1. Filter the stretch 217-252 for residues that are in a helix (DSSP H, G or I) and open to solvent by 10 Å² or more (accessible area, probe 1.4 Å) and give the result.
2. Could you tell me which residue of the stretch 397-455 is nearest to the chain's Cα centre (by Cα), considering only residues that are without any contact (Cβ under 8 Å) to a residue 12 or more places away in the chain and closer than 17 Å to Q200 by Cα?
3. So E161 clears everything in (1) among the acidic types (D, E); (2) farther than 30 Å from N632 by Cα; (3) open to solvent by 10 Å² or more (accessible area, probe 1.4 Å) except one condition, right? Which one?
4. Out of V780, V770, V801, which single residue is more than 30 Å from S440 (Cβ to Cβ), surrounded by fewer than 22 Cβ atoms within 10 Å (Cβ to Cβ), at pLDDT 95 or above and hydrophobic (A, V, I, L, M, F, W, C)?
5. Might you let me know whether the stretch 621-631 holds any residue that is assigned to a loop (DSSP other than H, G, I, E, B) and in contact with a Gly (Cβ under 9 Å, 6 or more places away or on another chain)?
6. Could you go through the stretch 283-292 and let me know if any residue there is open to solvent by 10 Å² or more (accessible area, probe 1.4 Å), free of Cβ contacts under 8 Å to residues at least 60 places away in the same chain, of a type in the set (A, V, I, L, M, F, W, C) and in a loop (DSSP other than H, G, I, E, B).
7. Just to be sure, is N584 over 32 Å from the mean Cα position of the chain (by Cα), in contact (Cβ under 8 Å) with a residue 40 or more places away in the chain and more than 14 Å from A466 (Cβ to Cβ)?
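The values are calculated or read from the model by the stated rules, or taken from the named source; none is laboratory data. Small disclaimer: the values here were computed from a predicted structure and weren't measured. Here the Cβ positions follow ideal geometry from the backbone for every residue, glycine too, while neighbour counts run over all protein chains shown. For accessibility, only protein heavy atoms count, side chains too; no ligands or nucleic acids. Shrake-Rupley method; radii C 1.70, N 1.55, O 1.52, S 1.80 Å.
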Amino acid sequence: MRFSLPLGVIIGAQVVTCVSAQAVLWGQCGGQGWTGPTTCSEGVCTVSNPYYSQCLPGTNTATSVPPPSSTTTSTAISTASTTSSASTAASSTSSSASPSGTVLNISPQWAAAYAKASPAVAKMSLQDKVNLATGVGWENGHCVGNTPAVSSIGFPGLCLEDSPVGVRDSDLVSVFPAAINVAATFNRTLMNQRGVAMGQEFKGKGVNVALGPMMNLMRASAAGRNWEGFGGDPYLSGEGAFETITGMQSSGVQATAKHYINNEQEHFRETSTSNVDDRTQHELYALPFLRSVQANVAAVMCSYNQINSSFACENNKMLTGVLKQEYGFQGYVMSDWWATHSTLGINAGLDMTMPGDISASSGTTYFGANLTSAVNAGSVTQARINDMATRILAAWYLLGQDSGYPAVNFDAWNNAAAFNQHINVQSTHGTLIRQIDAASTVLLKNTNGALPLKAPKTIAIVGNGAANSSRGANGYTDRGGDDGVLGLGWGSGTANFPYLISPLDAITSRAATDGTVVSSSTSDTDLTGAKTAATGKDVAFVFITADSGEGYITVEGNAGDRNSLSAWHSGDALVAAVAAANKNTVVVVNSVGPINMEAWVSNTNVTAIVSIGVPGQEAGHGLVDVLYGAYNPSGRLPYTIGKSINDYSAQVVFNQAGAITPIPYTEGLFIDYRHFDQAAITPRFEFGFGLSYTTFSYSGLTISGSTAGGTRQSGPGSSLDPWLHTPVVTVSFSIHNNGTVAGNEVPQLYLTFPASANFAPKNLKGFDSVFVGAGAQTTVTMQLSRFDFSTWNVVTQRWEVVTGTTTISIGASSRDIRLTGTIAN
């Protein structure tokens with residue numbers, strides 16, 4: 001590391017007072033665009049990068065740490081370098097908040113878990129405590145991550161396994177719709193039910209720790225793993241994370257909030273620094289993790305990248321200052337695989353190294369014997385080791401895994417191994433998956449009632465995306481191929497399909513009940529065949545795809561991140577060919593995120609556009625339910641579709657710049673629709689947009705309540721302060737279904753703050769998916785807390801309610817506002 005100062009060790013309770021014209025310890029004190037104080041009431045104003053300077057303690061705190069070693073020994077476990085931002089933490093300081101009564105707002109569930117864990121840890125030897133935190137190494141256990149058993153307390157060790165869509169590396173499991181799809185439902189019930197079902201499957205396989213959900217934001221529209229997250233809005237992402245974690249952990253499995261934090265692209269993810277200002281970090285990127293803590297998440301996974309020039313897995317500010325102090329997180333922090341950079345990362349707040357070895361099968365580790373030696377040398381305190389061990393063990397107790405939890409019954413490395421019991425954990429989850437697929441399908445265009453279908457005599461189906469993969473559903477390693485229907489993107493966030501229903505098969509089966517004749521051309525490049533199939537048919541469906549994934553796999557020249565927002569395989573030309581041959585062309589977009597539709601979106605022969613995301617194993621069935629009207633589409637875009645990639649405020653950085661590539665978050669708060677609104681850019685389809693087979697009207701807005709009064713907390717855990725999060729404002733209105741078809745409407749609540757607060761023009765703070773019968777009317781109530789009206793004050797280092805008049809808008813999308821009112825704070 002190039003900087004020796006830690007980025008945020010916090011000692012004891014953090015009680016912050018506002019000092020006029022000076023920044024407090026750990027506060028921002030400079031950077032491009034910064035207009036606040038530039039001197040520190042305590043510490044030294046230290047430049048982290050051109051965009052962010054911070055008040056840090058003096059360098060004398062590092063004197064007790066021995067100099068780092070740049071060599072390794074020949075023993076089984078090497079003594080690796082401890083050079084890092086973490087290495088400056090004083091040996092006399094435990095940089096993680098004690099999960100005892102010193103942290104505010106600890107949930108009863110965590111308190112009970114600590115009551116069990118603390119006496120157990122007291123019985124353990126130093127070696128046993130260290131073993132809790134040290135993975136056994138790559139491919140040295142049955143799961144993708146494993147910790148050893150501790151016989152002295154009857155602890156069997158932990159099995160950690162991907163992924164956010166189901167149990168990876170096993171058979172007889174379900175492959176659920178990706179998070180980007182469940183976000184498109186805007187339906188908390190479905191989010192939760194998906195979490196419950198996934199949790200049941202992980203537990204059924206004996207997995208202790210499920211490595212999901214993923215909640216990085218869609219900062220750059222072409223970023224490779226966007227489909228694993230919940231889209232471009234922090235509030236929606238936070239609700240998706242909360243419901244998923246609550247559901248998963250209700251089934252007894254530990255959930256993992258990842259990737260903490262600013263892992264917003266695949267290029268240079270291990271050799272880049274995400275340079276983010278304090279307010280943007282709190283209000284955007286950290287917000288879903290705060291909601292995860294509120295859901296009692298057991299574990300948080302730190303990411304590969306640096307944050308303001310300090311690696312995420314040894315960044316004191318984010319691991320300790322924000323997560324364990326401000327948020328009062330009681331669980332443990334694990335590294336992403338091989339994202340540990342030093343033994344003394346533990347002093348920054350890292351609790352577990354995964355998979356344990358420094359590199360794959362190296363036989364060396366930063367923890368293990370090296371951590372034991374660091375404790376004996378005084379570089380790591382016994383208090384910090386006890387804290388680490390207690391956190392890991394408490395999470396095990398939190399989920400009741402100490403009693404009757406099934407043992408691991410599969411081998412992630414060899415499905416044919418005798419160890420595998422091949423237990424079928426799918427239950428009836430296919431039904432739920434199909435329901436989510438239908439609810440996440442977004443109808444973007446529907447001219448002259450082109451949909452739903454009304455028993456057409458002939459149908460054409462065009463495009464490779466309608467068909468089955470030439471290699472089968474699991475034919476490409478970790479789904480690293482764009483061949484046939486896309487159930488998922490690619491990478492470690494995938495699982496093995498038990499089956500994958502193609503649109504061609506599903507439509508053909510449904511069409512047979514009407515006696516419809518189906519013709520098809522499943523080539524993306526045979527334009528003559530496409531025109532022949534489409535000519536003369538009552539309706540022609542053309543399927544186009546766009547794929548992305550994790551950077552360790554390159555697909556068709558795309559190294560994780562997409563090279564552009566164009567449809568793959570010359571999809572625009574395929575649409576043009578079909579539309580030229582058929583005046584009733586329906587485009588089905590099967591994509592990991594937004595694509596550029598400008599070449600054909602306004603073509604009068606393109607009568608309908610349907611977006612299905614990446615829907616998992618029931619892809620074809622969910623689509624058919626919408627196309628034929630068995631389900632009235634209610635999906636809404638969890639991101640903005642622009643007219644050009646240049647319309648977005650942030651782009652993937654493709655060009656390396658030195659050993660550590662800087663990724664400046666100069667757009668600040670203005671990503672996705674917030675940027676489009678702030679810059680007055682007209683999108684093609686805005687955030688929250690989606691059509692229905694009926695129409696809805698809104699009326700009768702009432703606003704009651706006040707943010708005034710009450711007493712707030714300070715100190716560790718105060719970001720969970722009930723004063724902040726208790727609902728204090730109630731918003732009610734009515735929705736009327738104007739048509740003859742029942743369906744779900746998705747009302748969205750946006751806040752517009754006083755201009756002086758420097759927010760985006762509109763900020764999502766509420767949503768629901770509400771069923772309204774044909775011709776019926778229903779009342780919808782949403783509640784807001786002080787937190788919803790708050791901003792992160794970088795000077796006082798706390799959440800503060802924005803004063804002045806705030807507008808409350810109710811709409812069918814971010815740009816289709818139906819009702820407005822105001823409240824004075």
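1. Within the stretch 217-252, N226, Y235, E239, F242, E243, T246, Q249, S250 meet the criteria.
2. Only one residue tops the list, namely T431.
3. The one condition E161 does not meet is (3).
4. V801
5. Scanning the stretch 621-631, I find at least one residue that is assigned to a loop (DSSP other than H, G, I, E, B) and in contact with a Gly (Cβ under 9 Å, 6 or more places away or on another chain), so the answer is yes.
6. no
7. Taking the combined requirement at face value, the residue satisfies it.
Residue-wise test of (1) assigned to a helix (DSSP H, G or I); (2) under 21 Å from the mean Cα position of the chain (by Cα).
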residue	(1), (2)
G328	no, yes
A339	no, yes
I358	no, no
G363	no, no
N370	yes, no
S373	yes, no
G378	no, no
A383	yes, no
T390	yes, no
